[in-house]
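Data first, discussion second: the structure below is written as structure tokens.
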Amino acid sequence: MFRYFKKYKKIFMKKIWIYFSSDEKFWYPFNIEEYLESYYNIVKDIELNNKIEVYIVRWNLYESKWVFSNSYRFDFTKEKIDIYESWKIKVDLIFNRDNENTIQLINDCKIINNMEFDNLCVDKLKTYKKFPKISPKTCYINSYSEFLEKVEEFEFQENDMIVLKKNFETEWKWIFIWEAGLVTEKSYLDWNDILFQEFIDSSVWISWIVDWLHDIRLSIINWKIINSIVRKPKEWSYLANISQWWSSQMVSIDKIPNELVEISLKIMDWIKKYTPYLVSVDFMNSKNWFKLVELNSRPWLLHPNWSKNYLKFNNAIKHMLIDWVK
């Protein structure tokens with residue numbers, strides 16, 4: 001009996017659970033064709049070339065002891081990308097793509113990225129407190145009157161640029177980069193959870209890379225820089241992200257300034273305790289050296305329509321999943 005069990009156990013497939021917040025099977029990010037294609041190709045490659053099954057789970061369907069009540073599988077038998085409903089599963093690894101923090105109570109499974117690390121990235125005040133020396137000065141306010149108090153405390157003049165942002169928003173939503181004197185009580189309907197930051201003048205030239213306003217995004221997987229891009233806003237905007245007005249260019253990793261690599265290594269040294277992890281780190285150059293803008297624990301997959309480096313980046317994620325589920 002014991003020998004038979006050992007032999008039978010060898011055919012068990014390892015199971016990876018990719019978690020998304022929204023509960024509809026073709027909702028975000030699968031409602032965007034390029035994201036759907038990227039996930040489909042990675043999952044197909046994992047399943048066809050390894051003894052691994054990959055499940056898509058929506059919303060908070062976690063029960064306990066690594067078991068989830070419902071899931072979806074990609075159907076590789078059809079020409080059109082399709083997903084069919086699966087059954088209750090017990091998984092070996094969670095790939096956390098949750099953008100609404102709905103799985104906070106899961107603490108008994110192996111997770112990429114785990115909840116503590118995810119919270120460090122999502123809560124921008126925590127990020128600042130962890131890395132204050134390389135971050136713009138940041139404080140928390142919950143009312144317009146507190147804003148006025150901080151303007152006085154920091155000795156800002158009316159024409160000084162300042163940054164206001166909702167702490168837990170993503171994709172640069174509800175960010176205002178204004179002169180301090182232009183902010184009014186009506187700037188936010190809800191002044192709770194607002195971050196007040198000093199403005200980073202990122203028009204500082206970086207040799208051979210960029211000569212105007214910018215941010216530099218480094219994508220890192222377990223101590224290794226996988227991808228690097230520089231994003232630049234339009235001439236009339238300060239916002240340089242994919243949801244706003246921007247342009248981007250790839251930067252070869254060997255062209256990244258040594259000073260920026262050194263700062264990145266210090267960050268990686270601190271977050272190594274969260275291995276395995278996937279993170280993008282945004283920086284800006286300034287007159288006071290490189291500054292950390294934010295950590296993003298949910299960088300999405302790349303697509304050939306967006307990046308020439310998509311295959312290297314997506315393959316790195318694929319191999320991370322394979323390595324850590326075994």
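Using the Cα atoms as the points, what is the convex hull volume per residue of the range 84-165 in Å³? Can you show the working numbers first?
Numbers: hull volume 13.8 nm³, N = 82.
Per-residue hull volume (Cα only) is 168 Å³.
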Mean Cβ-within-10 Å packing, highest first, puts peptides 250-260, 84-94, 272-282 in the order 272-282, 84-94, 250-260
Residue 13-residue 187 pseudo-label distance in nm [points 7 Å out on the Cα-to-Cβ vector]: 5.3
In whole angstrom, note down how far apart the Cα centers of the range 116-165 and the range 20-56 are. 37
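Using packing as a proxy for protection, rank 177-188, 291-302 so that the peptide with the highest average count of other Cβ atoms within 10 Å comes first.
Numbers: 177-188: 14.2, 291-302: 19.9.
In decreasing order of mean packing, 177-188, 291-302 become 291-302, 177-188.
Could you rank the peptides 305-317, 12-24 by their average count of other C-beta atoms within 10 Å per residue, with the highest value first? Write down the numbers at each step before the final one.
Working: 305-317: 15.6, 12-24: 17.6.
Order by mean packing, descending: 12-24, 305-317.
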If the convex hull of the alpha-carbon atoms of the range 137-198 is projected onto planes in all directions, what is the mean projected area in square nanometres? 3.7
Simple label model, 7 Å out from Cα along Cβ direction - residue 262 to residue 145, nm: 4.6
FRET efficiency (residue 250, residue 159; Cβ distance; R0 35 Å; to 0.05) is 0.45
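Laboratory data are not the source of any read-out in this text; all were calculated from the coordinates shown. Everything numeric in this text was worked out from a predicted model, so none of it was measured. Because the Cβ atoms are built from the backbone with ideal geometry, glycine has one as well, and the counts that use them run over all protein chains shown.
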